[in-house]
Amino acid sequence: MFIWRSKGRMPYIGFELSIERILKRMTTKILVADDNPKMRKVLRLALGEHPDWVICGEASDGLEAVSKAAELMPDIVILDLTMPKLNGIAAGSTIHLAAPEMPLLLFTQHRIDPTLEQEARKAGFTGGVSKGLLHQLIAGIESLLRGETYFPDSVIAGPPVSDPQPAETIPQVIMDEARDEAS
């Protein structure tokens, strides 16, 4: 499947890696939106470890996320739920209207219960993970890039899939500092 790009249009992301990406060994561009600068730094460091991923931009609020998504045309957008100016659900919905094929991953400190999951899916999110478990974030990004959905605690789509990987966590001290600054 090819990625067709036109001036002023968002890219079409298919259900498998595009021929263009395979031939050019392009990196996956990720836009991160979180109002906490320490959390953005943690994500930049954690996701930067992946050899084929690059953080193409960061946003500190929902309006900036919408603007940067249109400007940068990332391959995936990671959105915090609670942000100023426009929350993650509203920002995701706006991005989804402009680029329905762009994968959106909700990344929140809140537990993703069935109500939040349903709201996220309705807004155009294809995945959602709670902050803290790094392996779920990585698995979520990988799933969305393959064209799959990823809600690991989903009761809507059936029982959760067990994850055989060890639970690598974002260091608790950094998570605590990030939450304190967000309050």
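Brief remarks on what is shown
- Spatial separation of Cα centroids for the stretch 104-134 and the stretch 39-53, in angstrom: 19
- Taken along the Cα-to-beta-carbon direction at a fixed 7 Å, the label points for Glu101 and Arg146 span 2.0 nm.
- Close amide-amide hydrogen proximity is noted between Gly128 and Leu106, Tyr150, Phe151, each under 5 Å apart and 5 or more residues distant or on a separate chain (H modeled in the peptide plane; Pro and chain starts excluded).
- Neighbours of Thr126, meaning other residues whose beta-carbon lies under 13 angstrom from its beta-carbon, give a summed charge of -2 when Lys and Arg score +1 and Asp and Glu score -1.
- Lys41-Lys122 FRET efficiency (beta carbon distance; Förster radius 30 Å; 0.05 resolution): 0.45
- Residues Val77, Val129, Val42 arranged by fewest to most Cβ contacts within 10 Å: Val42, Val129, Val77
- Order of Asp52, Asp80 - criterion: other Cβ atoms within 10 Å of each residue's Cβ, fewest first: Asp52, Asp80
Bear in mind these aren't lab numbers, they're just calculated from the coordinates by the rules spelled out. Just so we're clear, the structure is a prediction, and the values are computed from it rather than from any experiment. Every residue, glycine among them, receives a Cβ derived from its backbone with ideal geometry; neighbour counts consider all protein chains shown.
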